[in-house]
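First comes the structure, then the notes that go with it.
We did not get these values from a lab; they are worked out from the coordinates using the rules stated. Because the structure is a prediction, the values reported are computed rather than measured. Note: ideal-geometry Cβ built from the backbone for every residue, glycine included; neighbour counts use all protein chains shown.
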Amino acid sequence: MKKATKVLALILAMAMMACTLVACGSSADTTAADANTETAADTETEAADTEAAETEDAEEAAPAEGGTITFGTNAEFPPFEFVTANGVIGEFDGIDMAIAKQIAEENGMTAAIENMEFDSLLVALQNGQIDAVIAGMTITEERAEAVDFSMPYYTATQVMIVKEDSDIASAADMADKKICVIQGYTGEVCVNDMGYPYESFKKGTEAVMELVNGKCDVVVIDSATAAKYVSDNEGLKIVEDPDAFESEEYAIAVQKGNTELLDMINKAIEAKLADGTISELAVQYTEAASEE
Ligand code: GLN
């Protein structure tokens, strides 16, 4: 077998064992392996050497000691990224922000954050405005066509936030309800795929306010963020439906072909998964959220 074929075969086997990389339904499973093909191929190569060319063009910039990695995020997604008085990187805090800071600093670099709308992140990455995206971003087939994803660092799922007295018990119960989603999130993709009408908001907090104020019946959003909103607002609960919403994997995105940065990120994630750093951060930021 050619090397590329071997890698692909390995990835297909891994993808079949692991949960699917696509958010909803089972129809998209067959192509899920595509999303990680490049990642796996890249991790096979040896350590990225750091003889980075000094260039201002982010498209060609390789990670170099003393340099800066500019991560794009959308700091509206607690506990992964949010704005606070004293964050780990300036005013930015959360699981992703701590991971970004560690990746940069462990490689003798500094992490900078550019905060923007979730929808703009991949375009900004493609334009070279940012070096990487860390934003609780789910690997999807469509996104993986535009950018390269690191190995996954967190598994989540979409859930439904409803009022405590709601009769919604499954995704099918949303059929005649008013559904709120956040623009560009995988939750929107899921509800759209289900064929239900919905209203989309720019921020999770806006959608949750609609729910609290009785203007919508259900918000579909990622599990850990949903838990944070439910703990922050009285009278809400989470309804899960694993048959309708499959697991999703969060990963860091880099420009297609930026193997040096991707290798650096993959090595860091691999180590942080193995030594428990990422699960510790998840516990720390989830507890911090519920103590507020
Ligand atoms: N995981 C979801 C997605 O990738 C939401 C991410 C986010 O809002 N930061 O679409």
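Distance between the pseudo-spin-label points of Ala172 and Glu91 (7 Å out from Cα toward the beta carbon): 4.7 nm. Value of Rg to Rh for the stretch 98-161, rounded to two decimals, is 0.98; Kirkwood radius and Rg both from alpha-carbon coordinates. FRET efficiency for the Gln126 to Lys202 pair, using the beta carbon distance and R₀ = 25 Å, is estimated at 0.70.
Counting Cα-Cα pairs of the stretch 145-257 in 10 Å increments starting at 0 gives whole-percent bin shares of 14, 47, 28, 10, 1. Starting from the Cα of Lys163, move 7 Å in the Cα-to-Cβ direction to define the label point; list residues of the stretch 173-188 whose amide nitrogen is under 13 Å from there. Counting only backbone N, you get 178. A protection proxy built from the mean count of other Cβ atoms within 10 Å ranks the segments 132-139, 191-198, 175-182, most packed first, as 132-139, 175-182, 191-198. For Ser247, the residues 5 or more places off, or on other chains, whose built amide H falls under 5 Å of its own are Thr20. Taking a ≥ b ≥ c as the square roots of the eigenvalues of the alpha-carbon gyration tensor, the stretch 54-161 is classed oblate because a/c is 1.5 or more while a/b is no larger than b/c. So which of Lys101/Lys203; Lys228/Lys256; Lys163/Lys272 end up more than 31 Å apart, counting from Cα to Cα? As for pairs spanning more than 31 Å Cα to Cα, those are Lys228/Lys256; Lys163/Lys272. Sequentially through the stretch 148-162, phi angles give Karplus couplings (6.51, -1.76, 1.60; θ = phi - 60°) of 9, 9, 6, 5, x, 10, 7, 10, 9, 8, 7, 9, 10, 9, 9 Hz, Gly and Pro residues having no value and appearing as x.
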